[in-house]
Structure formats: C-alpha cells, structure tokens
Amino acid sequence: MLDKSRPAIDIIERLIKESAVVGFDESGCYVNGILNWSWIAQTTYLTLVFRGAGHGAKVLEERFGDSLKNMTAVTDRHSAYFAIDFLDNQICMAHLLRNLEYLNDIDKEQTWAKEVQELLREAIHLRNERPTEIIPKENWLTRLDDLLKKNLDNLRKEFNELKRGIIKCRDYIFNFLENPIIPSDNNGSERGIRKLKVKQKISGCFRSDTGADAFHALHSIADTAWKNGQSPLDAILALV
C-alpha cells in the first residue's frame, strides 16, 4: 500500500510546495519504541503528514527545500519554524489566546493578560467582519507594543516569560490582517495531526517504519480527499 500511495503523495507534496500559505505542526510518535516525529504541512485543500527523525528545522528544509522561501508559514511558537528562511510567518492566535487564558486562571486580579487577549480578539473579529480587505497592522502593533512595555515584575514569572515570547514573535502576530489569505490560527494543522495522536492512544505505537509511513501516507490522501469534498474511503480504495 505504501508503494501504491507514492504517486498521490508526490502530487500532494508538489502542490504544497507551490502554495503561498502553509500551516505546519509536529508531534512525537513512537515507532517500535523509538521516539520519532510526525509532521504536517497543510493548506485549505491539501494535507501531507510524514515522519521525521527529529523536530528541528532540518526536517522541513530537507523535505521542502527552496520552496520554503516562497511560503508564509502558519505555526505555533516552536523555535524550529523561526530558524527557517520562510517568506513570512504567522503565529497562531489561538495558541496565544490559550497561553493568555492560563495567565488569567493563575492570577485573576491582574489585567495585563486580559488586555492582550482583548486586543487579539478584536483583531480577529475585525478580520472576520472584513474577510477580503487589506487591513494595515501598524496601529495594532503600536497598541501591542504599549502593552509589552508594561512592567510585570510584580506578577508571577509566567507573565514575563510569555511577554518575552510575544516580543520575539511580535512581527508575526498581525500579518493575517494585511493578507486575507493568511488564517489567524493554525487549527487546521492541529486537526490534521490529531488523528495520529488518537491512533497512538489506542495502539501505543507503530510496530515498524513501513507501517508508520503507510499510515501517514493514507491519512494524507484521505484528509486531502475530505477537504475537496470527496470520499476518503474511495480515495484509499483507488490505490488498491
């Protein structure tokens, strides 16, 4: 089945390499008791999941090569993505909102996390209201910078840790406003890789490299079919 899936996987990979905006994510997976990594590269109509030996930038650079320079990558704040020469980046706003909600939970009296959260939600709401417009991000960055200048030393260390993290990715937070084809979150990648986590919870691990690669390939084909309004089962049966 793995050999029969390769022509379809080659097509999916080629189309992703040609895409302007690609969501990426990664998650640990065990193959015969050894830690590997499942990676996903996905767009609105394409899903490619594959196995890598690590979770560093080298995995994507080896797989996608120079095409990365033409992509805007939608990701979480994993450092590997910022070691890659992408055309641009977009940080997942859903991740940031969850990080801020955690701060709200551990200190219900502070207002800083609530203010940052409200700013991000306001930007997302504006994009949803004006889905096709180019919205300048300068004013939004100015408002964010004002919040990042606040002294948080009187709060728990987690607040300064997140503030430093936001400062590092500051330039990649509001790109979705200026380019309507960039999503504000990376939920599509999280959904795409979730099936691999469910599989591992049930069976514990893959028993062989071939079995792991076959699973990743079939999931790529099935999910791509589903995204294009086709039957995932029919797509898999077409390989037989």
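Bear in mind that the values in this text are calculations on the coordinates, not laboratory data. Owing to the predicted nature of the structure, the values given are computational and were not obtained by experimental measurement. Backbone-built Cβ (ideal geometry, glycine too); neighbour counts: all protein chains shown.
The charge dipole of the chain, taken about its Cα centre with unit charges on the Cβ of Lys, Arg, Asp and Glu (plus for the first two, minus for the last two), comes to roughly 540 debye. Between the stretch 1-33 and the stretch 43-115, how many Å separate their Cα centres? Cα centroid of the stretch 1-33 versus Cα centroid of the stretch 43-115: 18 Å apart. Available extension along the chain between E133 and E18 is 39.0 nm, counting 0.36 nm per residue and deducting the alpha carbon span. What the Cβ-Cβ distance of N160 and D10 gives, at R0 = 45 Å and to the nearest 0.05, is a FRET efficiency of 0.45. Only helices enter this figure: runs of n ≥ 4 DSSP H residues, each worth -39500 (n - 2.57), summed and divided by the residues of the chain, yield -16500 deg cm²/dmol at 222 nm to the nearest 500. Maximal additional length on extending the R143-D88 stretch stands at 17.6 nm, based on 0.36 nm per residue less the C-alpha distance. When both bridge partners sit in the chain, DSSP labels roughly 65% of those beta bridges antiparallel. Across the options C29, A123, A73, the greatest Cα extent toward the positive end of the charge dipole of the chain (unit charges at beta carbon of Lys, Arg, Asp, Glu) belongs to C29.
Are there any trypsin sites (Lys or Arg not before Pro) in the stretch 78-120 that are in a DSSP loop and have at most 11 other Cβ atoms within 10 Å? List them by number. Show your work: numbers first, answer last.
Values: sites: R98, K108, K114; in loops: K108.
Those that pass, being in a loop and sparsely packed, are K108.
The residue among I91, T111, T132 whose Cα reaches farthest toward the positive pole of the charge dipole of the stretch 91-217, with charges on the beta-carbon of Lys, Arg, Asp and Glu, is I91. For the stretch 46-80, the residues whose amide N sits under 16 Å from a probe point set 7 Å from the Cα of K195 along the beta carbon direction are 46-51.
Between N179 and E122, the FRET efficiency estimated from the beta carbon spacing at R0 = 22 angstrom works out to 0.75. For the stretch 120-188 and the stretch 203-234, what is the centre-to-centre distance using only Cα atoms, to the nearest Å? Result: 35 Å between the Cα centres.
State the three equivalent ellipsoid semi-axes of the chain, derived from the C-alpha gyration tensor as the square roots of 5 times its eigenvalues, in descending order and whole Å. Each step should come with its number before you reach the end.
Numbers: eigenvalues 246, 87, 50 Å².
Equivalent-ellipsoid dimensions as semi-axes: 35, 21, 16 Å.
Helix 138-148 against the longest principal axis of the chain: what's the angle in degrees, Cα atoms only, rounded to the nearest 10? Approximately 70 degrees, to the nearest ten.
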